[in-house]
Amino acid sequence: MKKSTIIIIAVIGVVILWAISIQRKGVTMSEEIDNAWGNVETAYQRRNDLIGNLVKTVKGAADYEKSTLEAVVNARTRATSMSIDPSNMTEEEFKKFTEAQAEVKSSLDRLLVIVENYPDLKANSSFLKLQDELASTENQILTARTRYNNSVKPFNTYIKKFPTNLLAGIYGFKNRQYFESDPGAEKAPEIDFEF
């Protein structure tokens with residue numbers, strides 16, 4: 001065999017090994033993102049499960065405001081009806097998902113403000129436990145979203161860098177969306193301690 005043939009075969013072998021390594025690393029990183037997304041959905045599901053108990057507790061213990069409870073239930077229904085495949089998520093789907101979750105949070109916040117008018121409910125141990133669970137869940141959501149973003153960054157960086165970017169499209173690797181803050185989150189909330 002000629003020396004030039006051996007060199008060509010060696011170069012082809014190196015290129016094939018390089019292409020395989022890019023695919024393997026990309027798949028591993030993509031799976032890490034999918035796992036992190038699953039954790040985000042789990043945290044949101046936990047919140048949605050708690051909402052039902054919270055609404056029942058408020059209904060049973062207070063002369064409630066029907067429209068607020070309906071808003072909470074409707075927001076929860078919309079949020080739980082959304083199903084997203086993180087590997088094929090479009091920017092528009094991601095935006096709809098985050099908007100639905102923001103609507104749930106907003107309606108919960110309104111419900112908790114209304115609860116302030118019911119001293120018996122605020123002292124109810126079941127309600128206090130639910131409030132603690134919701135606060136814990138919101139922290140879990142924050143953590144899950146942060147971990148998701150932390151898994152998206154290296155993947156997006158990896159598929160954009162040369163020479164990986166030459167094969168990323170062939171393997172179907174595409175940029176993943178980051179969670180961003182809710183609109184208006186950059187403004188400090190106004191707190192009024194006058195009772």
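Summary of computed values
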| quantity | calculated |
| --- | --- |
| Where Cα atoms sit under 29 Å apart: lysine pairs in the stretch 3-168 separated by 8 or more or lying on different chains | 28 |
| Two-site label geometry, Ser87 and Val73: point separation in nm, points 7 Å out along Cα→Cβ | 3.8 nm |
| Per-peptide average of other Cβ atoms within 10 Å, ordering 166-174, 2-10 highest first | 166-174, 2-10 |
| Added length on full extension, which subtracts the Cα-Cα distance from 0.36 nm per residue, Thr42 to Glu99 | 18.8 nm |
| Label point distance in nm, Ile170-Leu17, each placed 7 Å from Cα along Cα→Cβ | 1.8 nm |
| For the stretch 1-55 and the stretch 131-160, distance of Cα centres in Å | 18 Å |
| Distance (nanometres) between label positions extended 7 Å along Cα→Cβ at Glu138 and Ser4 | 7.2 nm |
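Coordinate-derived values only; no laboratory data. In this text the structure is predicted, and so the values were computed from the model without any measurement. Here Cβ is always computed from backbone atoms with ideal geometry, including for glycine, and neighbour counts include all displayed protein chains.
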